[in-house]
1. How do the helices (runs of 4 or more DSSP H) wholly within segment 1-116 filter down when requiring 2 or more residues that are buried (at least 19 other Cβ atoms within 10 Å of the Cβ) and modelled with pLDDT under 95: which remain?
2. Restricting to segment 165-208, name every residue that is of a type in the set (S, T, N, Q) and open to solvent by 60 Å² or more (accessible area, probe 1.4 Å).
3. Please find, among GLU177, GLU188, GLU211, the residue that is within 24 Å of GLN97 (Cα to Cα), out of contact with any helix residue (DSSP H, G or I) (no Cβ under 6 Å at 6 or more places or on another chain) and either of a type in the set (Gly, Ala, Ser) or assigned to a loop (DSSP other than H, G, I, E, B) (or both).
4. Looking at segment 222-235 only, could you name the residues that are under 28 Å from SER39 (Cβ atoms) and of a type outside the set (Lys, Arg)?
Amino acid sequence: MRITKLGVVLLCAGALIGCAHDLPDAEAGKSSASVGAGSLADELYLSSQAFQKARENGDAVGMAKAVARRPVVIEDSLELSEEFLLWRDMTERMKIQALDLAKDDASTLAIVEDILSREPPKESELGAFGKNISGIIGSAEKTAAKQALRIEAGDTVEILHRVRKSRGSIVYVESVEGSGLVLVIRDEKQHEICRDDSIHGVLICRWRPKENGRAKIIIQNAGPAPTRALLISAE
């Protein structure tokens with residue numbers, strides 16, 4: 001589906017925690033593409049949710065279908081960016097789990113292999129920002145800002161994120177399952193407006209700012225080991 005201008009805005013907030021010293025601007029040092037960040041983050045998140053549900057139900061085909069809907073984080077790029085490599089690593093882990101579950105049933109395995117052999121959707125094929133979750137109205141198209149992070153055990157990362165009351169904001173984080181990452185969003189008055197500490201390592205926050213300014217993305221590694229994470233955000 002081509003990107004169209006819709007009035008519905010998705011708001012996603014994912015949290016990453018790393019070293020709480022300098023506060024880099026959220027827009028700095030990130031690759032971006034002309035695509036609704038809400039669509040990209042939402043598709044990744046919904047794919048993860050569908051994968052987890054299928055895994056819990058012992059459904060290898062459902063797991064494969066969930067993997068197949070994961071959009072490529074950076075399309076048509078000749079450079080293997082860190083963001084793309086993180087996306088690829090997560091996708092490969094999901095594929096291996098689906099194949100492992102199907103390996104003892106030849107017919108199921110054939111179906112899973114066929115699904116996983118298909119080309120994943122590209123960013124430009126996604127719908128407009130906010131196509132899956134309604135209720136918050138604002139600007140329809142956002143630029144997906146992507147950042148690869150490495151967070152040491154016990155460290156916290158804080159990133160300033162510009163927000164506008166006329167738009168929704170979204171932050172999405174994905175890492176390995178059981179990584180111990182926690183996502184927190186705070187406004188300029190230090191009020192907590194979102195928190196996600198899912199054990200599955202996939203975190204998301206959506207919110208509508210009450211005023212223009214900057215929110216703080218806080219990503220904490222509460223796990224016992226260093227971890228890498230992919231952060232996708234948009235104002």
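The values are calculated or read from the model by the stated rules, or taken from the named source; none is laboratory data. For clarity, every value in this text was computed on a predicted model and none was experimentally measured. Cβ atoms come from the backbone with ideal geometry, glycine included; neighbour counts cover every protein chain shown. Side chains included, ligands, DNA and RNA excluded: accessible areas come from the protein's heavy atoms. Shrake-Rupley method; radii C 1.70, N 1.55, O 1.52, S 1.80 Å.
1. Hits in segment 1-116: 37-56, 82-102.
2. The answer is SER166, GLN190.
3. Only one candidate qualifies: GLU177.
4. THR227, ALA229, LEU230, LEU231, ILE232, SER233, ALA234, GLU235 - these are the residues of segment 222-235 that are under 28 Å from SER39 (Cβ atoms) and of a type outside the set (Lys, Arg).
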